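Here the structure is laid out as structure tokens; the discussion comes afterwards.
Any read-out appearing in this document is the output of simple, stated calculations on the displayed coordinates, not a laboratory observation. Treat the numbers as computed from the prediction; the structure is a model and nothing was measured. For neighbour counting, all protein chains shown are included, and Cβ atoms are generated from backbone atoms with ideal geometry for every residue, glycine included.
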Amino acid sequence: MSADSDLERVRGLVGAALASLETSRGRIDDLNVYPVPDGDTGTNLTLTVRAVAESLAAAEPAGRPALAHAVARAALMGARGNSGVILSQIVRGVADVLAEATNGVDPQLTARALRGASDAAHRAVRRPVEGTMLTVIRELAEEAERRAGDPQPLDDLLVELVRHGEEAVARTPEQLDILREAGVVDAGGAGLVELLRGVAGALAGEAVPAPLEASASPGPDAIHLEPSRYRYCTVFLVEGAALDRDELEARLEPLGDSLVVVGDETAIKVHVHTDDPGAALSFGTAVGTIEGVEIANMHEQQELRERRLSVVPSPSARCGVVAVVAGEGNRLLFETLAEPVGTIRVVSGGQTANPSTAELVAALEELSADEAIVLPNNPNVRLAAEHAAKQAGRPRRSCRRIRFRPASPPWSPTTARAGPQRTPPP
């Protein structure tokens with residue numbers, strides 16, 4: 001295959017994985033009780049894959065080794081949270097194997113890639129725990145190795161691996177006490193299977209059915225849990241020359257737990273739960289330049305998760321909005337307009353980062369509303385929005401663009417039910 005076709009194929013597969021994760025993000029967040037019940041695993045996995053998709057959207061065609069390196073580095077640079085950092089190593093393990101491929105991907109190469117992913121993920125975690133996404137990726141590698149000699153097409157193999165992954169996720173409560181006590185499966189493992197489901201569906205040309213229990217909500221035992229021993233989830237990137245990953249990990253270990261330190265001599269990603277983020281950042285600045293610093297109050301996140309899961313579901317709204325926006329500020333603007341909760345879904349995109357039809361359909365399906373309005377907000381997104389509107393299982397409208405201007409009282413997107421508006425409402 002040519003460099004152009006390789007890039008397009010990888011873009012398509014990553015886009016399908018992202019759309020699948022977007023669809024299940026809320027459910028996976030709700031499952032999240034380990035290592036701490038902060039309810040962000042689905043979001044962190046989604047944002048990590050989104051970083052890869054955005055990097056690929058701007059990439060130029062290149063040979064397989066260069067493309068594989070670009071994918072692995074994008075996953076490392078964009079990794080969010082504990083699950084995202086581990087996922088970045090799973091991506092790296094797959095990429096390192098596929099970079100060596102001279103022909104197409106077959107069952108034997110798939111088995112090698114998954115084994116590389118499992119090994120890389122386990123190396124990243126100082127104290128691996130059974131019943132987590134580490135267990136699920138290992139079982140996927142073992143199943144792929146068992147099937148490597150079977151004369152079956154790759155897409156059929158991946159569908160079978162999705163089913164095996166579902167079974168592995170279903171067994172996680174038997175392997176980890178906190179999951180059994182809370183009555184949930186591991187969120188990271190569930191997210192990994194959803195990612196694989198998207199890839200398998202893209203290769204098979206059709207959606208791989210979701211498990212029947214996917215819509216089940218966590219029960220009371222999964223809501224009110226002991227908070228983390230430490231308060232702050234701290235993630236940052238260190239860049240420099242001749243970086244020593246092992247030395248930095250040894251310095252960080254006394255600061256807290258859930259420590260994951262991954263990367264190479266030029267870039268290291270750090271994730272740690274600690275009460276002293278400043279000390280962790282100081283260790284980073286002592287050896288290189290830090291960026292991408294994210295510090296989250298896990299106790300506050302847990303309180304928000306408890307409130308969200310404790311709320312009695314209300315009837316869906318009459319109309320919701322899916323908006324394509326560029327920039328964090330615009331995203332926050334739309335999300336603050338969501339009343340009731342669930343009536344607005346935001347998809348990142350714009351002039352040079354166009355979302356796929358699958359991403360828009362996934363956002364439409366997540367809406368808690370009977371009808372929907374799609375706001376492409378850019379001519380380059382309009383065609384994908386129209387296709388998404390046709391595929392959505394609800395009444396919908398597609399507008400070219402909505403521009404905001406100061407108004408009193410503030411305009412609510414739900415008032416656009418009357419029809420597309422080409423000028424701002426008064």
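Pull out the extension gain between Arg307 and Ala170, defined as 0.36 nm times the separation in residues minus the alpha carbon to alpha carbon distance; nm, one decimal.
On the way: separation 137, 0.36 × 137 = 49.32 nm, distance 2.61 nm.
Full extension of this stretch gives 46.7 nm more.
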Subject >> Inter-site label distance for Lys390 and His224 at 7 Å from Cα along Cβ, in nm >> reply: 5.2
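Where does segment 3-215 land on Rg/Rh, using Cα atoms and the Kirkwood Rh?
Values: Rg = 15.9 Å, Rh = 16.9 Å.
Reported Rg/Rh (Cα atoms, Kirkwood Rh): 0.94.
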Subject >> Over the chain: helical MRE at 222 nm, DSSP H runs n ≥ 4 each giving -39500 (n - 2.57), nearest 500 >> reply: -16500 deg cm²/dmol
Original post:
What is the diffusion coefficient of segment 158-309 in µm²/s, taking the Kirkwood radius over Cα pairs and the Stokes-Einstein relation at 10 °C with a viscosity of 1.306 mPa s?
Top reply: 88
Original post:
Rounded, prolate or oblate: which one fits the chain, using the alpha carbon gyration tensor with axes a ≥ b ≥ c (rounded when a/c is under 1.5, else prolate when a/b beats b/c, else oblate)?
Top reply: rounded
Subject >> Equivalent ellipsoid semi-axes, segment 232-299, via Cα gyration tensor eigenvalues times 5, rooted, Å >> reply: 19, 12, 10
Subject >> Alpha-carbon gyration tensor eigenvalues x 5, square-rooted, for segment 68-130, Å >> reply: 21, 15, 7
Subject >> Net charge contributed by nearby residues that have their C-beta within less than 11 Å of Thr234 (K/R +1, D/E -1) >> reply: -2
